[in-house]
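The next block holds one structure in the form of structure tokens; read it before the comments.
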Amino acid sequence: GSKKGEGSSSAVPSPPAKVWQPGVDNLEEGEELQCDPSAYNSLHAFHIGWPCLSFDVVHDSLSLIRTEFPHTVYCVAGTQAEKSSLNSIGIFKLSNIRGKRREPVPTKSVGDDTDMDSDSSDSDEDGEEGNDGGPAAPILQASSVNRIRAMTQKPHICASWADTGHVQVWDFSSHLNALAESKTDVSRGTSTVSNQAPLVKFGGHKDEGYAIDWSPLVAGRLVTGDCKNCIHLWEPASDSTWNIDANPYVGHTASVEDLQWSPTEPFVFASCSVDGNVAIWDTRLGKSPAASIKAHNADVNVISWNRCLDDLSQTALSYMYIANNLMYTFFILTRLASCMLASGCDDGTFSIRDLRLLKEGDSVVAHFEYHKHPITSIEWSPHEASTLAVSSSDNQLTIWDLSLERDEEEEAEFKAKITDQAHAPTDLPPQLLFVHQGQKDLKELHWHSQIPGMLISTAADGFNVLMPSNIESTIPARDA
């Protein structure tokens, strides 16, 4: 975002645009924030009615990797309605997402980019019906949804945490098929209501919860964690039934906030808790954690295990370790990216750990204190091993590239090519790649695993779909 003065006449030029930092800068009288559309390849906003605390991107069959506009995405989301009786789970399709590819160095000023405004808008008016193509949303009646996740191997199977204390598993295959077969001009803005029963409704937890994750390696394997520090393991018995271990995994002393399966070890998962700890579990070793780390000095809200899909063997990352106001730099081969676990804290900090260093005591390889409010979501890019996205209660979505280091000579050459200077702050971390603003009360974000560079986020005022122009993903080469 940038800010500039209002009320300037033609005789007096307006002051230059300035990058605005929430929590640092104040808006003075007569000033307003303006989005710089040149910063995005695509930017859209939409809502599906009530705000959604949680959602997930549904893997589709369009193609494994796609880079050409327009795009189509499928998502599943749970609402946070004013009354519990109004809550629902919505499955929606967003089609005809438009945008454009941009040069790495912008050549136009902020106000001259009319093509971007016509192709891709962040206004609710353009996004309310799904940016010219949806969402068309079959709705299933449900309790208030704390968190929802779609299975990677069978995307039509979704699990949701309800505020009633139940975990439910749903089969959305008929609804997803209907969306896939629907035509844009017929289905735009329409919805159907279904009172479909869940495949499973588990009431074995002692309280409601938020932590839930499907295994990326074993189809149907699930873990769920509640606010009473208990974690239950689900093992698939068939396509529609599960054996759920009644004896919980217990190792935290407070609410389990998030769970993540290992991308390489089928029996290993990680958890984080209000007790400030991150724990690593091996289901073959009993019901206690294999390792427990004091990760932060406050509640650990979210974690993300690096699951990058690329061939990573040729690239080296520069990890910045900050301690005692000193910064240390060292290199790790990105083929070992699956050892990296990110955690976000209630005090606004987030850290990166190399799990291979747990036995040595201090496994932190990066620690950032940019955000000043609680971290609400964190997720590694599925296409770039060194890149992760973070959302915070300070209404910022930030993207970080841990492979970046400050190069003053390169910065000077870049600035010389830009016609309009952004007057960016000089004290920003060099790993901070992008800052997205404009949403209120950000709750959750996800990368799209099939569209490199695309992020979707949910907040109190709806969803955003964004593709920053400076996110360059390595696309696997296609066979000739």
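Here are a few things to note about the model shown:
- Of the candidates LYS287, LYS201, the single residue that is open to solvent by 30 Å² or more (accessible area, probe 1.4 Å), at pLDDT 95 or above, in a strand (DSSP E or B) and among the basic types (Lys, Arg) is LYS201.
- In summary, ILE475 fulfils each of the numbered conditions (1) under 28 Å from TRP261 (Cα atoms); (2) of a type in the set (A, V, I, L, M, F, W, C); (3) at pLDDT below 95; (4) not in a loop (DSSP other than H, G, I, E, B) with the single exception of condition (4).
- Being surrounded by fewer than 20 Cβ atoms within 10 Å (Cβ to Cβ) and small (Gly, Ala, Ser) is not true of SER262.
- Subset of region 135-154 that is open to solvent by less than 10 Å² (accessible area, probe 1.4 Å) and β-branched (Val, Ile, Thr) - its residue that is modelled with the highest pLDDT: ILE148
- Meets criteria (at pLDDT 90 or above and either closer than 25 Å to ILE378 by Cα or open to solvent by less than 70 Å² (accessible area, probe 1.4 Å) (or both)) for CYS52: yes
- Check on SER288, within 26 Å of the chain's Cα centre (by Cα) and among the polar types (S, T, N, Q): no
- Of all residues making up region 210-241, the number that are in a strand (DSSP E or B), open to solvent by less than 30 Å² (accessible area, probe 1.4 Å), within 24 Å of ARG307 (Cα to Cα) and not β-branched (Val, Ile, Thr): 8
- Residues in region 25-64 that are among the hydrophobic types (A, V, I, L, M, F, W, C) and outside any loop (DSSP other than H, G, I, E, B): LEU33, ALA39, LEU43, ALA45, PHE46, CYS52, LEU53, PHE55, VAL57.
- Residue count, region 81-97 (criterion: touching a Pro at 6+ places or on another chain (Cβ under 8 Å) and within 23 Å of SER173 (Cα to Cα)): 7
- Within region 348-375, residues that are touching a residue at least 60 places away in the same chain (Cβ under 8 Å) reach partners that are of a type in the set (Asp, Glu) and surrounded by 15 or more Cβ atoms within 10 Å (Cβ to Cβ) with beta carbons closer than 7 Å, at six or more positions or on different chains, in the pairs SER363/ASP354; LYS372/ASP394; HIS373/ASP394; PRO374/ASP346.
- Residue within region 410-417 that is modelled with pLDDT of 70 or more, open to solvent by 40 Å² or more (accessible area, probe 1.4 Å) and either touching a Lys or Arg at 6+ places or on another chain (Cβ under 9 Å) or not in a loop (DSSP other than H, G, I, E, B) (or both) present: no
- Number of the exception - THR67 against (1) in a strand (DSSP E or B); (2) out of contact with any Lys or Arg (no Cβ under 6 Å at 6 or more places or on another chain); (3) among the polar types (S, T, N, Q): (1)
- In region 80-113, the residues that are exposed (fewer than 15 other Cβ atoms within 10 Å of the Cβ), at pLDDT 75 or above and of a type outside the set (Gly, Ala, Ser): GLU82, LYS83, LEU86
The values are calculated or read from the model by the stated rules, or taken from the named source; none is laboratory data. These numbers were taken from a predicted model, which means no experiment stands behind them. Positions of Cβ are generated from backbone atoms using ideal geometry, with glycine treated the same way; all protein chains shown enter the neighbour counts. The area values use the complete protein model at the heavy-atom level, side chains included, leaving out ligands, DNA and RNA. Shrake-Rupley method; radii C 1.70, N 1.55, O 1.52, S 1.80 Å.
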